[in-house]
Every structure is written in C-alpha cells, then in structure tokens.
Amino acid sequence: MATTPAHTTVTAADSLTDRELHAWRGMLRVHASLTKALDADLEAEHGLPLSSYEVLLHLANADDERMRMSDLAHSVILSRSGLTRLVDRMEREGLLARESCPSDARGAFARLTDVGRGKLDAARRTHLSGVRERFLDRLTPDELVVLGDCWSRVLPPGSDPGPACGSVES
C-alpha cells in the first residue's frame, strides 16, 4: 500500500520575506560562484583544486607547517573521510607528508613538504588575484568592514572567524 507524503502548511510566519530571501540566496549564490571560479583559476594555472590549495594554506600557517588530521578536517570543512581521500591524493603528489603522532598512536599529522610549499607559493598569486578581482574590488572599504562584522555575528559561538584585521591569510 502506497503512502502519500505528509504535507505541511507554510504560514507567513514560516516564510522568508523578500529581503531575507534576497540576502540568503545572495550569500549562497556568491559563495558558489566565487568558489567555482577560483577553483577553475587554480586548476587551469596550477593543476591545483581549491580544496588542495586550502589544505596547503592551512598547513603553511600552522606551527611547524603541520596539523593534526582532525584539526585540518575541521579547518577546511571536510568530513574526516573526505579529508583522508584528499590527503591521500596530495601525499601521492608529494605536496604533503603524513606523520604519526608520538603521543597518540591513533592520531596523525599532515605536514607541508617543500614541493607543497612551492606549489602554494606559485598558486597564491593566482588565488589572491581572483579574490581581489571577483570580490574585494567590487566592495568599498566600509562595505568590507560591515561584511566582516556580519560574518562574525553569523558564525556559531566558538567558531574560528579567521585572521584578525590586518592579517594575511589567503
């Protein structure tokens, strides 16, 4: 016997206003569009996906250019299995090395290699140019401050908001 899905009635209180919908969908579209374009730039110029660039960047900024795999997965917003597959590929390409954790037999570190540092250095200019052209140059300095403040308010408590004003990350 087939069952029909339960339908719920959406009330005006459950709906988004035009302003709310515009803001929400705008953020989603901008994120998707920018990441797709930045990924294409890095792939075309350096054969490096944006996700790999992000891993290299986090490792380069970490103490001793290495991070625990669990911390790296959290930093790049990937599942552990997703990060494991990415790290496996990057390790085969010589961009990073995996090291065991002396204090935790189950733990492992990813460490940036010289090859990975070279790839990151080469790709950084392409990435920053794309970020500037597609995002930063389209906003005023005051708008950038407002957006940064907005993102900080939207992030869940305890989330890392990224580098403070004046830091160089990407």
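The values are calculated or read from the model by the stated rules, or taken from the named source; none is laboratory data. As the structure is a computational prediction, the values presented were derived from the model and not from experiment. Using ideal geometry, Cβ is built from the backbone for each residue, glycine included, and neighbour counts are taken over all protein chains shown. We work out accessible area using only protein heavy atoms, side chains counted, and drop any ligands, DNA or RNA first. Shrake-Rupley method; radii C 1.70, N 1.55, O 1.52, S 1.80 Å.
Using a 1.4 Å probe on the protein heavy atoms, what percent of the accessible area of the chain belongs to carbon and sulfur?
Its accessible area is 55 percent carbon and sulfur atoms.
What order do you get for 79-87, 53-61 when each peptide is scored by the mean count of other beta carbon atoms within 10 Å, highest first?
53-61, 79-87
Which one is right for this structure if semi-axes √(5λ) of the Cα gyration tensor in Å is calculated from it: [x] 30, 22, 12; [y] 24, 20, 14; [z] 33, 24, 17?
Correct label, based on the coordinates given: [z].
According to a simple spin-label model (label point 7 Å from Cα along Cα-to-Cβ), what is the distance in nm between Arg66 and Arg111?
With each label point 7 Å from Cα toward Cβ, the separation is 0.4 nm.
Rounding to the nearest 10 and keeping the result within 0 to 90°, find how far the Cα-based axis of helix 80-92 lies from the longest principal axis of the chain.
40 degrees
Quick one: accessible area per residue over segment 30-99, 1.4 Å probe, rounded to a whole number of Å²?
Here the residues of segment 30-99 average 53 Å² of exposed surface.
Nearest 10 degrees, 0 to 90: what angle lies between the long axis of helix 18-46 and the longest principal axis of the chain (Cα atoms)?
Roughly 30 degrees between the two axes.
May I ask for the angle, rounded to the nearest 10°, between helix 50-61 and the longest principal axis of the chain, with both axes built from Cα atoms and the value confined to 0 to 90°?
60 degrees
Nearest 0.05, what FRET efficiency do Glu143 and Asp14 give at R0 = 41 Å with Cβ-Cβ as r?
Rounded to the nearest 0.05, the efficiency is 0.85.
Placing +1 at every Lys and Arg Cβ and -1 at every Asp and Glu Cβ, with all other atoms neutral, what dipole size does the chain have around its Cα centre, in debye to the nearest 20?
380 debye
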